[in-house]
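First up is the structure itself, then whatever we jot down about it.
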Amino acid sequence: MSDRIYLVLLGAPGSGKGTQSQLLQEQLGIPQVSTGEIFRYNLKNETELGQLAKSYYDRGELVPDEVTIRMVEARLAEPDAARGAILDGFPRNLIQARALDGITEPHGGIALVPLIQLEDDVVSMRITGRRLCRDCDRVYHVTFNPPRGENCDSCGGVLYQREDDKPETVQNRLYVYYKQTSPLIGYYFAHGLLVEVDGEKSIEAMQEQLVALLVARNIGLKGSAVSA
Ligand code: AP5
Ligand code: MG
């Protein structure tokens with residue numbers, strides 16, 4: 001019996017997982033759970049978790065599974081995730097995928113895994129122009145999705161560029177994606193959950209495609225604001 005909606009957004013660094021999940025959470029009324037964002041919050045606040053994650057994060061390597069899985073389990077048990085969540089950046093390898101299956105299975109499992117596809121050269125263009133709000137993590141792009149003014153449109157926070165968006169770290173993040181995360185494409189395909197989304201479309205067109213995929217599968221329609 002499915003009493004929650006769990007979506008997993010898969011895709012390379014810079015493919016638009018954060019952008020799309022931030023928009024989808026409004027449509028579905030369930031939160032975005034971004035492991036990258038949780039790590040950035042802890043790095044900024046110099047917590048114990050932040051100190052532990054720092055050397056991995058700065059090199060674009062995966063933070064150890066044990067730490068990451070425990071962190072996600074705790075996040076998914078919070079009250080705002082009582083109807084499910086949009087997972088952005090988790091799972092990133094097979095160990096994490098199996099752990100997520102264990103967490104979600106009592107609630108009907110994962111509903112869908114949209115895979116955002118785009119070429120690597122577009123990825124680097126996306127990443128070099130990315131800016132984030134220091135307070136609310138809203139994602140912008142200097143050309144494709146600029147803020148109205150200098151600061152964040154949502155909360156007025158200061159915008160900044162991510163530490164791990166340096167070209168050499170981006171290269172390693174892509175390498176880690178192909179080596180460790182891309183096997184999940186086969187894993188979710190075999191589970192009948194994978195759907196492809198064209199990541200080279202505009203932000204709005206991608207969002208429309210995602211919503212249409214959810215509507216076609218009747219995901220999130222009950223008691224939520226998703227409409228065709
Ligand atoms: P994380 O923060 O998850 O980074 P990532 O996977 O590399 O993905 P990005 O956030 O870079 O890209 P995105 O797909 O969200 O794209 P966005 O929407 O911003 O992880 C960072 C680090 O944390 C990892 O390297 C690792 O160290 C650690 N970590 C995280 N999760 C972990 C895990 N599970 N296990 C272990 N370690 C973990 O878009 C990019 C840009 O393009 C933006 O500027 C946006 O405005 C623009 N844009 C988006 N869509 C479009 C479009 N359609 N057209 C034009 N521009 C667009
Ligand atoms: Mg992101």
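The values are calculated or read from the model by the stated rules, or taken from the named source; none is laboratory data. Bear in mind that the values here come from a model prediction, so they are computed numbers and not experimental data. Here the Cβ is made from the backbone with ideal geometry for all residues, glycine too, and neighbour counts use every protein chain on show. These area figures cover heavy atoms from the full protein model, side chains too; ligands, DNA and RNA do not enter into them. Shrake-Rupley method; radii C 1.70, N 1.55, O 1.52, S 1.80 Å.
Any idea how many residues of the stretch 54-67 are more than 15 Å from ligand 2 (Cβ to nearest atom) and free of Cβ contacts under 8 Å to residues at least 60 places away in the same chain?
Residues of the stretch 54-67 that are more than 15 Å from ligand 2 (Cβ to nearest atom), as a first pass: 54-56, 58-59, 61, 64-67.
When the remaining residues are screened for being free of Cβ contacts under 8 Å to residues at least 60 places away in the same chain, the result is 54-56, 64-67.
Total meeting the criteria: 7.
Of all residue pairs spaced 6 or more apart or on separate chains, those with beta-carbon atoms under 8 Å, a first member in the stretch 6-20 that is closer than 13 Å to Glu200 by Cβ and near ligand 1 (Cβ under 6 Å from one of its atoms) and a second member that is assigned to a loop (DSSP other than H, G, I, E, B) and open to solvent by 10 Å² or more (accessible area, probe 1.4 Å) are Gly11/Leu118; Ser15/Leu118; Gly16/Leu118. Figure legend. Inter-residue proximity from the stretch 23-47: first residues in contact (Cβ under 8 Å) with a residue 40 or more places away in the chain, second residues within 13 Å of ligand 2 (Cβ to nearest atom) and among the acidic types (Asp, Glu), beta-carbon distance below 6 Å, spacing 6+ or different chains. Indicated pairs: Gln32/Asp88; Ser34/Asp88; Glu37/Asp137. In the stretch 139-153, of all residues being in contact with a strand residue (DSSP E or B) (Cβ under 7 Å, 6 or more places away or on another chain) and closer than 18 Å to Gln25 by Cα, the one that is nearest to ligand 2 (Cβ to nearest atom) corresponds to Val139.
Looking at the stretch 151-168, which of its residues are without any contact (Cβ under 8 Å) to a residue 60 or more places away in the chain, open to solvent by 20 Å² or more (accessible area, probe 1.4 Å) and charged (D, E, K, R)? Those that are without any contact (Cβ under 8 Å) to a residue 60 or more places away in the chain, open to solvent by 20 Å² or more (accessible area, probe 1.4 Å) and charged (D, E, K, R): Asp153, Lys166, Glu168.
Filtered by the rule that a residue be polar (S, T, N, Q) and either open to solvent by less than 10 Å² (accessible area, probe 1.4 Å) or near ligand 1 (Cβ under 8 Å from one of its atoms) (or both), the stretch 89-142 gives Asn93, Gln96, Thr104. Can you work out which of the residues in the stretch 77-88 that are away from ligand 2 (no atom under 16 Å from the Cβ) and open to solvent by less than 10 Å² (accessible area, probe 1.4 Å) is nearest to Ser2 (Cα to Cα)? Among those that are away from ligand 2 (no atom under 16 Å from the Cβ) and open to solvent by less than 10 Å² (accessible area, probe 1.4 Å), it is Gly84.
Cβ separations smaller than 9 Å between residues 6+ apart or across chains give the following pairs from the stretch 139-150 residues that are under 16 Å from Leu23 (Cβ atoms) and of a type in the set (Phe, Trp, Tyr) to residues that are in a loop (DSSP other than H, G, I, E, B) and near ligand 1 (Cβ under 6 Å from one of its atoms): Tyr140/Gly129; Phe144/Gly129; Phe144/Ser202. Does the stretch 44-72 hold any residues that are open to solvent by 40 Å² or more (accessible area, probe 1.4 Å) and in contact with a Lys or Arg (Cβ under 7 Å, 6 or more places away or on another chain), and which are they? Those that are open to solvent by 40 Å² or more (accessible area, probe 1.4 Å) and in contact with a Lys or Arg (Cβ under 7 Å, 6 or more places away or on another chain): none in the stretch 44-72.
Checked against (1) modelled with pLDDT of 95 or more; (2) over 18 Å from the mean Cα position of the chain (by Cα); (3) open to solvent by 80 Å² or more (accessible area, probe 1.4 Å), Gln171 passes all but a single condition, namely (1). Out of all the residues in the stretch 70-85, is one or more in contact with a Pro (Cβ under 7 Å, 6 or more places away or on another chain) and part of a strand (DSSP E or B)? Yes.
Of all residues in the stretch 27-41 being of a type outside the set (A, V, I, L, M), more than 8 Å from ligand 1 (Cβ to nearest atom) and assigned to a helix (DSSP H, G or I), which is modelled with the highest pLDDT? If you could, list the steps in order and put the result at the bottom.
Going residue by residue through the stretch 27-41, those that are of a type outside the set (A, V, I, L, M) are 27, 29, 31-32, 34-37, 39-41.
Narrowing further to those that are more than 8 Å from ligand 1 (Cβ to nearest atom): 27, 29, 31-32, 41.
Still in the running and assigned to a helix (DSSP H, G or I): 27, 41.
Values: Gln27: 88, Tyr41: 95.
For the stretch 27-41, the residue satisfying everything is Tyr41.
What about Ser15, is it modelled with pLDDT of 95 or more and part of a loop (DSSP other than H, G, I, E, B)? When the stated conditions are applied, Ser15 passes them.
With respect to the conditions (1) under 20 Å from Leu10 (Cα atoms); (2) outside any helix (DSSP H, G or I), Leu100 lacks only one, and its number is (2). Of the candidates Leu24, Leu62, Leu10, the single residue that is under 20 Å from Leu194 (Cβ atoms) and not in a helix (DSSP H, G or I) is Leu10.
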